Amino acid sequence: MKMKKLILSALMLTATMAGYAQETAAQNEQKGTTEFVFAPHWFFQAQIGGQYTIGETSFGKLLSPNAQIAIGRQFTPVVGARLALKAWQGKMGYEKDIKTPEESYSFTYFNPSLDVMFDLSNAIAGFNPNRVASFGLLAGVGLNIRSKMNEDKYNALNAYLLNSAYNPNGNYVPLYENKSAALLNGKVGAFLDFRLSDAIKLGFEATYSLTGSKYNLKNEGGKDGSGTDSYVNLLVGLKIALGKTYSTRFIPAPEPEIRYVDKIVEKIVEVEKPAPVVEPLRRDIFFEINKTVIRDSETQKVKDIADYLNAHPTAKVMITGYADAGTGNDKINDRLAKGRADVVVKALKEQYGIAESRISFDSKGSRVQPFADNDSNRVSICIAE
């Protein structure tokens, strides 16, 4: 008899320890997640590098210094635009068998352009402000405003090109008239940015530009200036964000379910199971700025409410819509708050078949702010009980 009681006591102790372990594990579960929210912002760029004007002489003789500054705005995690000004020096050159005084000649130019930039890292892998490196593509249009050449070099070069000793067949034509020119310019390229801080990135950029034939003054496209010239730029510099690039939002985890330890020896030790307590269910459904559409990441919360109502036939749900006070005005925010409540009501009725009599709803606009974090107040709070 004593042995039997000892065995029963050991079994009860084991069950109690197992129940305690389950409760401790539940308490240690992650309490919620932090979500990054992109913030549109302005930025400034300063870059320096080199240019290669595609031509006929040796590669090294057509290299020249280049610099660029730009001001732009990142509208979304993927799409941005900038106004850029590239300038400094371009070069032209002739084949070595044409006995010119020099094989290459320089001139200054300015290239203002409007560029559109696409961040492929965010497009492919999602927005992450802590990403170490990101890459993308760009395209732009603008003007190439070229200066005159040095007058002495221009005259000497023309004389050599037309001199009968070097032009026996009369195939070489004079350069274009030595005066400044404004030519249409288009470019495509790629960029690679490395994060130094929330506000500063170190960027590398490579672009290919196509412009009018008069850019290098060589009369190869006809007297009307038809035809094209082209050049390649490699630049490195800093990109500085002017303002916050993102904010964070904490999303609380659903409350863990209550677990009970079952009776081990029913006939010997009667352990009464507590009457189940129906706890209210709360789900906070968050929305993007100026939106009343339920995101894919929030749809599980709507399903949680529907499952709760189906499991408790007498339960009802109260849905209250809100808007953040940091943006918009009362008229806009009242519309957004009502729309955020309405869209949850519609999903419960049409997707999950919840009776209208079991759903109540209200909206508070931005007059009531349930969260301290401004962005978290773009929300519908749903309480089922």
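The values are calculated or read from the model by the stated rules, or taken from the named source; none is laboratory data. Just so we're clear, the structure is a prediction, and the values are computed from it rather than from any experiment. Cβ coordinates were reconstructed from backbone atoms using ideal geometry, including for glycine residues, and neighbour counts include every protein chain displayed. For accessibility, only protein heavy atoms count, side chains too; no ligands or nucleic acids. Shrake-Rupley method; radii C 1.70, N 1.55, O 1.52, S 1.80 Å.
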Exercise. Restricting attention to segment 90-97, does a residue exist that is open to solvent by 20 Å² or more (accessible area, probe 1.4 Å), touching an Asp or Glu at 6+ places or on another chain (Cβ under 8 Å) and at pLDDT 95 or above?
Worked result: no
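For residues that are of a type in the set (D, E, K, R) and surrounded by fewer than 20 Cβ atoms within 10 Å (Cβ to Cβ), tally how many sit in segment 67-83. Working first, answer last.
Taking segment 67-83 and keeping what is of a type in the set (D, E, K, R), we get 73, 82.
Remaining after also requiring surrounded by fewer than 20 Cβ atoms within 10 Å (Cβ to Cβ): 73.
Residues in segment 67-83 being of a type in the set (D, E, K, R) and surrounded by fewer than 20 Cβ atoms within 10 Å (Cβ to Cβ): 1 in total.
Condition check ((1) touching a residue at least 60 places away in the same chain (Cβ under 8 Å); (2) under 15 Å from residue 307 (Cβ atoms)) across all residues:
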| position | (1), (2) |
| --- | --- |
| 344 | no, yes |
| 354 | no, yes |
| 368 | no, no |
| 378 | yes, no |
Exercise. When you go through (1) modelled with pLDDT of 95 or more; (2) farther than 23 Å from residue 108 by Cβ; (3) surrounded by 14 or more Cβ atoms within 10 Å (Cβ to Cβ) one by one for residue 173, which number turns out not to apply?
Worked result: (1)
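Just the residues that are out of contact with any helix residue (DSSP H, G or I) (no Cβ under 6 Å at 6 or more places or on another chain) and open to solvent by 20 Å² or more (accessible area, probe 1.4 Å), please, taken from segment 365-385.
Scanning segment 365-385 gives 367, 368, 370, 372, 373, 374, 375, 383, 385.
If you go through segment 339-355, how many residues are of a type in the set (Lys, Arg), open to solvent by 60 Å² or more (accessible area, probe 1.4 Å) and out of contact with any helix residue (DSSP H, G or I) (no Cβ under 8 Å at 6 or more places or on another chain)?
We begin by selecting, within segment 339-355, every residue of a type in the set (Lys, Arg); these are 340, 346, 349.
After this cut, where a residue has to be open to solvent by 60 Å² or more (accessible area, probe 1.4 Å) as well, the list is 346, 349.
The next check asks that each one be out of contact with any helix residue (DSSP H, G or I) (no Cβ under 8 Å at 6 or more places or on another chain); those that pass are 346.
Selection size over segment 339-355: 1.
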Exercise. For residues in segment 314-338 being acidic (Asp, Glu) and over 23 Å from residue 356 (Cα atoms), which is surrounded by the fewest Cβ atoms within 10 Å (Cβ to Cβ)?
Worked result: 330
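Working carefully through the options 207, 211, find the one that is in a strand (DSSP E or B), at pLDDT 95 or above and crowded, with 16+ Cβ neighbours inside 10 Å. Outline the logic, then answer.
On the way: 211 fails: at pLDDT 95 or above.
Residue meeting the stated conditions: 207.
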